[in-house]
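See below for the structure under consideration.
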Amino acid sequence: MCIRDSPQALDAYNKAISLNGSKGLFYYERSKTFYLLGDPARAKGDFQKAVQLQFQIPPGDTYPTTLGL
């Protein structure tokens, strides 16, 4: 199992967001973790927050398509 798809990853992203809630990367990565843990609704919410914070999606990243966005 990859750390990204574990509850420990979720805890780490939650802490990072509590320390710096204006960093879109943290929401983007937590979004991926929610998705891998089977929570697509929360994944979409965090993805949208990352975009709102002007996080630049890496070129060629297919994750937004995975979410249906």
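Read-outs: derived from the displayed coordinates by stated rules, not from any lab. Since we're looking at a predicted model, the values are computed, not measured. We place every Cβ from the backbone using ideal geometry, glycine too, and count neighbours over all the protein chains shown.
Taking the Cα-to-Cβ direction at residue 22 and at residue 62 and moving 7 Å from each Cα, how far apart do the two end points lie in nm?
Taking the simple label geometry, residue 22 and residue 62 are separated by 3.6 nm.
Run the numbers for residue 52 and residue 37: contour at 0.36 nm per residue of separation, minus the present Cα-Cα distance, in nm. Spell out each step's value before the answer.
Values: separation 15, 0.36 × 15 = 5.40 nm, distance 2.31 nm.
This chain segment gains 3.1 nm when fully extended.
Give the peptides 15-24, 31-40 in descending order of average Cβ contacts within 10 Å, highest first. Walk me through the numbers on the way to the answer.
Numbers: 15-24: 12.3, 31-40: 18.5.
Order by mean packing, descending: 31-40, 15-24.
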